[in-house]
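We did not get these values from a lab; they are worked out from the coordinates using the rules stated. Everything quoted here is computed from the prediction, not taken from an experiment. Cβ placement follows ideal geometry from the backbone for every residue including glycine, while neighbour counts extend to all protein chains displayed.
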Amino acid sequence: MTDDDIDAVLEIERQSYARPWNREHFENEIQNPIAYTYTLRGLCNRRNRLAGYVVFWVVYGEAHILNLTITETLRRQGLGIHLMRKVLDMMKASLVDDVFLEVRKSNTAAIELYKKLNFKESYERKKYYGDEDALVMRLVFNENI
């Protein structure tokens with residue numbers, strides 16, 4: 001993700017969330033030395049456009065996925081799982097052992113996607129989103145070691 005992507009990212013963000021991140025959030029993450037920010041491009045109506053993005057941190061063997069979003073018109077086409085698999089491969093290469101994320105308890109589509117990737121439900125954060133609890137999910141690499 002670059003500064004040039006932020007306008008398109010913000011459009012997807014506003015369409016996807018009741019309380020979207022703002023420009024400053026994304027600018028800060030692009031500059032953050034522990035943050036990784038990536039975009040995914042795809043064809044929509046024969047145009048190459050921003051299809052989604054992910055923001056995550058890697059700190060001392062742990063990764064925290066802060067934001068993963070696919071534009072509404074391209075959801076349920078495998079782009080989210082494709083992006084997550086790429087990100088998880090990068091995390092493994094960076095010697096990450098554990099990956100954490102929060103997801104709205106009502107977001108069953110996202111929860112199912114994460115479960116397909118072997119994330120497990122860990123615990124809840126009450127009122128994490130203000131109006132709703134979050135489910136904290138965790139993926140452990142090399143769990144058998």
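How long is the gain from residue 49 to residue 90 if the chain were fully straight, where each residue apart is worth 0.36 nm and the alpha carbon distance is subtracted? The partial results should precede the final answer.
Working: separation 41, 0.36 × 41 = 14.76 nm, distance 2.33 nm.
So the chain would gain 12.4 nm between residue 49 and residue 90.
Restricting attention to the range 36-145, which GluC sites (Glu not before Pro) occupy a DSSP loop and are surrounded by at most 15 other Cβ atoms within 10 Å?
Values: sites: 62, 72, 102, 112, 121, 124, 132, 143; in loops: 132, 143.
Loop-located and lightly packed - 132, 143.
Compute the Cα gyration tensor for the range 52-145, then decide on rounded, prolate or oblate, letting a ≥ b ≥ c be the square roots of its eigenvalues: rounded whenever a/c is under 1.5, prolate when a/b is larger than b/c in the other cases, and oblate in all that remain.
On the way: a/c = 1.70, a/b = 1.17, b/c = 1.45.
Oblate shape, in that a/c is at least 1.5 and b/c is the bigger or equal ratio.
Under a straight-distance cross-link criterion of Cα-Cα below 20 Å, which lysines are reachable from residue 127, leaving out those fewer than 8 residues away in the same chain?
By straight Cα distance, residue 127 reaches 105.
Okay, helix-only estimate at 222 nm for the chain: each DSSP H run of n ≥ 4 adds -39500 (n - 2.57), divide by all residues, round to 500 deg cm²/dmol; what do you get? Don't jump to the answer; show the numbers that get you there.
Working: 4 runs with 44 residues, N = 145.
Mean residue ellipticity at 222 nm (helix-derived): -9000 deg cm²/dmol.
State the extension gain, in nm to one decimal, for the chain segment bounded by residue 7 and residue 62, taking 0.36 nm per residue of separation less the distance between their alpha-carbons. Kindly include the intermediate steps, with their values, before the conclusion.
Values: separation 55, 0.36 × 55 = 19.80 nm, distance 2.96 nm.
Separation in residues times 0.36 nm, less the Cα-Cα distance, equals 16.8 nm.
Between residue 73 and residue 97, what length comes free when the chain is fully extended (0.36 nm per residue of separation minus the Cα-Cα distance, one decimal in nm)? If you can, show how the numbers build up before the last one.
On the way: separation 24, 0.36 × 24 = 8.64 nm, distance 3.36 nm.
In short, 5.3 nm is gained.
Relative contact order for the range 3-102 using alpha-carbon pairs under 8 Å, separation at least 6, rounded to a whole percent?
Values: 136 pairs, mean separation 22.7, N = 100.
About 23 percent, as a whole number.
What FRET efficiency comes out for residue 112 versus residue 39 if R0 is 25 angstrom and r is the Cβ-Cβ distance? Round to the nearest 0.05.
On the way: r = 24 Å, r/R0 = 0.94.
E between residue 112 and residue 39, to the nearest 0.05, is 0.60.
What are the radius of gyration and Dmax of the range 3-102, computed over its Cα atoms and given in Å?
My reading of the Cα-based Rg and Dmax gives 13.5, 42 Å.
Between residue 30 and residue 131, take the C-beta separation as r, use R0 = 25 Å, and let me know the FRET efficiency to the nearest 0.05. Intermediate values should be presented prior to the final figure.
On the way: r = 28 Å, r/R0 = 1.13.
Efficiency computed from Cβ-Cβ geometry: 0.30.
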